[in-house]
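Asker: Take this structure first; my questions come after.
The values are calculated or read from the model by the stated rules, or taken from the named source; none is laboratory data. If you're wondering where the values come from, they're calculated on a predicted model, not measured in any experiment. Note: ideal-geometry Cβ built from the backbone for every residue, glycine included; neighbour counts use all protein chains shown. Side chains included, ligands, DNA and RNA excluded: accessible areas come from the protein's heavy atoms. Shrake-Rupley method; radii C 1.70, N 1.55, O 1.52, S 1.80 Å.
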Amino acid sequence: MTTPLVRTIRLVASVALIAAVIFVYFRVMAANTTTTVALTLLLAILGIATQWGLTESIVASIAAALGFNYFFLPPVGTFTISDTQNWVAFGAFLVTAITASQLSVRAKRRTAEAISRRREVERLYALGQAMLLSGNVRSTARDAVNSIIRTFEIPAVVFFSKADNEFFRSDTQQTQTISDELLRGIADRGEPLIDRERQIAVIPIGLGGLAIGSLGFVGSTLSAEALNALAYLVAIGIERARSLEQASKVEGARQSEVLKATLLDALAHDLKTPLTSIKGAVTHLITKQRDPEEAELLAIVNEEADRLNRLVVEVLEMARIEAAKLHPDRAPHRIDDIISASLRTQEELLKDRNVELRMPESLPAAEVDFEFIQQVMKQLLDNAVRYSPPGSPLAISASLAGEKIVIHVEDRGRGIAENEQSRIFEKFYRGLASRDEVQGTGLGLAIAKGIIEAHGGKIWVTSEPGKGSVFSFALPVHKGELVR
């Protein structure tokens, strides 16, 4: 900023330069024409305008016009102009001098603005490069503050992260002029604050309509455009770091799931071999045993071996589903055939139950893997028996809904609480009311869900506590010939 003393010195120097030009032409060189004097004075005025500014050049223009009139326009030695042509020359000189000063100052200002913009672009480019080298969100925010100070030579900067409600200040003392409340308010409202008198600026940071935070500057002289561009660069850097963090977490979770599925698969296979041997040995001993007490013990071993075998099978199935290795061999099959086969395999389980079947004869075939859907039916029937009173009836129905066949398995059990219905298909989850009464692993419904989804269908439950549950699943219709 130019002080009054410096401005006064410039004005005096401008007048002195004009006086020197007039003295040289009047006393030393004795110019042949007034045109030479006028052009020299114009050049001096342009130099003053270029070097110092408009005020100095206008003062120099007036001084040059008065000196030109007094020393070179007849009658010489007076401020009077007798000839009309000299009046025209005097007026033209004065207008030309002032206009040229204005044009020169304007050109100088535009040149300075262009240089300033170029420097801003170069600094923004340097900041963008620095932001690309940052790591996580916290380090990116901290690096952004330090890079802005280093690149743009701003005394102090503060960044507010809305997601974490955290402030990153380059200097606690200098940035106290920008309060936490002001930074939060600018981030919420999305309206910038630029106070040139106090030399502070607070710019909201957002990307794609999402408010990220705000950026405060102390002692900044950057243009509003540069501040907005800077804020946009910081927003991109923060979102890039957040995206990388999220991608890293997702990849870590994926690798963890793959590793877990692989370990479960390997463990289940290792358990299956000795289980087969135990089952064979126990079965042989039961056929040979005559002692009732030992026969009872062997029956317990046999039952627990079967239970452990079911657990191993379920773990294997779950491992295949989570590793995306479940590939149904889909073909057209009638739903009534699948249900009939499922009921035959569950005859022992359903011997004291009345099972009602409701299926239209015109029901088309479904595009499914017969064994997999039979496994789903087995799981739903097993659940219906275990979680309903002994001897209570069950109902199985099927209907056509658009391009899907919907199958329902209904029981008269205690039902499932509403807050548990959304979690019932999660692996290892078991209902709070019955987890201590009914044995199980919590994998059956999760496996059924994986099988149905592998077919492009969906499975769900509707239930009312005290009145029973209805488990339903939808399968795609086969669009070709029916299989009879």
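Asker: State the number of residues belonging to the stretch 108-165 that are at pLDDT below 75 and assigned to a loop (DSSP other than H, G, I, E, B).
Answerer: The number of residues fulfilling the criteria is 4.
Asker: Filter the stretch 369-396 down to residues that are in a loop (DSSP other than H, G, I, E, B) and among the polar types (S, T, N, Q), then give me how many there are.
Answerer: Counting residues in the stretch 369-396 that are in a loop (DSSP other than H, G, I, E, B) and among the polar types (S, T, N, Q) gives 2.
Asker: Confirm whether S399 is among the hydroxyl-bearing types (S, T, Y) and either modelled with pLDDT of 90 or more or out of contact with any Leu (no Cβ under 8 Å at 6 or more places or on another chain) (or both).
Answerer: Against the criterion (among the hydroxyl-bearing types (S, T, Y) and either modelled with pLDDT of 90 or more or out of contact with any Leu (no Cβ under 8 Å at 6 or more places or on another chain) (or both)), S399 qualifies.
Asker: Separate question: Among the residues of the stretch 11-36, what is the count of those that are modelled with pLDDT under 80, in contact with a Phe, Trp or Tyr (Cβ under 8 Å, 6 or more places away or on another chain) and of a type in the set (A, V, I, L, M)?
Answerer: Selection size over the stretch 11-36: 1.
Asker: Any idea which residue in the stretch 459-475 is least open to solvent (accessible area, probe 1.4 Å), counting only those that are over 18 Å from I339 (Cα atoms) and either out of contact with any Gly (no Cβ under 7 Å at 6 or more places or on another chain) or of a type in the set (A, V, I, L, M) (or both)?
Answerer: V461
Residues checked against (1) open to solvent by less than 70 Å² (accessible area, probe 1.4 Å); (2) within 16 Å of F471 (Cβ to Cβ); (3) not hydrophobic (A, V, I, L, M, F, W, C):
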{"position": "E361", "(1), (2), (3)": "no, no, yes"}
{"position": "P364", "(1), (2), (3)": "yes, no, yes"}
{"position": "V368", "(1), (2), (3)": "yes, no, no"}
{"position": "K378", "(1), (2), (3)": "no, yes, yes"}
{"position": "R386", "(1), (2), (3)": "no, yes, yes"}
{"position": "S399", "(1), (2), (3)": "yes, yes, yes"}
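Asker: Can you confirm whether the stretch 330-349 contains a residue that is open to solvent by less than 60 Å² (accessible area, probe 1.4 Å) and touching a Gly at 6+ places or on another chain (Cβ under 7 Å)?
Answerer: Yes; the residues of the stretch 330-349 include at least one that is open to solvent by less than 60 Å² (accessible area, probe 1.4 Å) and touching a Gly at 6+ places or on another chain (Cβ under 7 Å).
Asker: To continue, here is another question. Is there a residue in the stretch 402-410 that is over 14 Å from F471 (Cα atoms), under 40 Å from the mean Cα position of the chain (by Cα) and at pLDDT below 90?
Answerer: Yes, the stretch 402-410 has at least one match.
Asker: Something else about it: Which condition number in (1) more than 20 Å from the chain's Cα centre (by Cα); (2) buried (at least 18 other Cβ atoms within 10 Å of the Cβ) is the one that D195 fails?
Answerer: Unmet condition: (2).
Asker: Turning to a different aspect of this structure: Considering each of T151, T221, T175, T140 in turn, give the residue that is of a type in the set (S, T, Y) and open to solvent by 70 Å² or more (accessible area, probe 1.4 Å).
Answerer: T221
Asker: Another question, then. Residues in the stretch 356-368: is at least one closer than 15 Å to I338 by Cβ, touching a His at 6+ places or on another chain (Cβ under 9 Å), of a type in the set (D, E, K, R) and assigned to a loop (DSSP other than H, G, I, E, B)?
Answerer: no
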